[in-house]
Amino acid sequence: MTLDPHDIELHDASLHSIATDHRARTVKIVLEYYRESDSRARVMAAIKFLGVVRMQEAADLDELADNARAGNVVQWVPSRGPGTTYLHLVRGFIAITAERVEFEEAAP
């Protein structure tokens, strides 16, 4: 199911992986997030960036692992149209400039 990235809250989400395809200019971030602020269980999802121009990442992998259960994503600010999306992490960040951002939940 594809969702509007601006309707998604990623506070306390848990980052799983980042896959970059340099030739295709795409980045895929896999994570688990809470659909609602009062949800008890996270749902698997993927953020897909298409037409990537630039990507920056500064992450403390030990901190991400230590905080995975509680949630290692602090906040995200998706771009509106082409532009830069910011994903603030525990002790780090990811900034991706792309033509388009898609948010998709994993099929059950």
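The values are calculated or read from the model by the stated rules, or taken from the named source; none is laboratory data. Please read these numbers as outputs of a predicted model, since none were measured by experiment. All Cβ positions, glycine included, derive from the backbone under ideal geometry; neighbour counts span all protein chains shown. Only protein heavy atoms, including side chains, enter the accessible area calculation; ligands, DNA and RNA are left aside. Shrake-Rupley method; radii C 1.70, N 1.55, O 1.52, S 1.80 Å.
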Determine the per residue accessible area of the chain with all protein chains present and a 1.4 angstrom probe, expressed in square angstrom. 61 Å²
Of 15-27, 75-87, ordering from highest average Cβ density within 10 Å down gives 75-87, 15-27
For PHE103, what accessible surface area do you get with a 1.4 Å probe? Give it in Å², rounded to 10. 0 Å²
How large is the dipole of the stretch 33-108 about the Cα centre if only Lys and Arg carry +1 and Asp and Glu carry -1, each at its Cβ, rounded to the nearest 20 debye? 180 debye
Accessible area (Å², 1.4 Å probe, nearest 10) - GLU32: 50 Å²
Pick from ALA68, ALA13, ALA41: which residue has the top mean-square fluctuation in a GNM of the chain where Cα pairs under 10 Å get a spring? ALA41
Taking amide hydrogens as modeled 1.01 Å from N in the peptide plane, which residues meet the under 5 Å criterion relative to LEU89, leaving out close sequence neighbours? VAL74, ILE94
Per the helix-only calculation at 222 nm, which mean residue ellipticity applies to the chain, given -39500 (n - 2.57) for every DSSP H run of n ≥ 4 and division by its residues, nearest 500 deg cm²/dmol? -1500 deg cm²/dmol
Heavy-atom accessible area of the stretch 25-72 with neighbours in place, 1.4 angstrom probe: carbon+sulfur share in percent works out to 43 percent
Name the residues whose placed amide hydrogens come within less than 5 Å of the amide hydrogen of ARG35, ignoring near sequence neighbours (fewer than 5 apart) on the same chain. VAL43
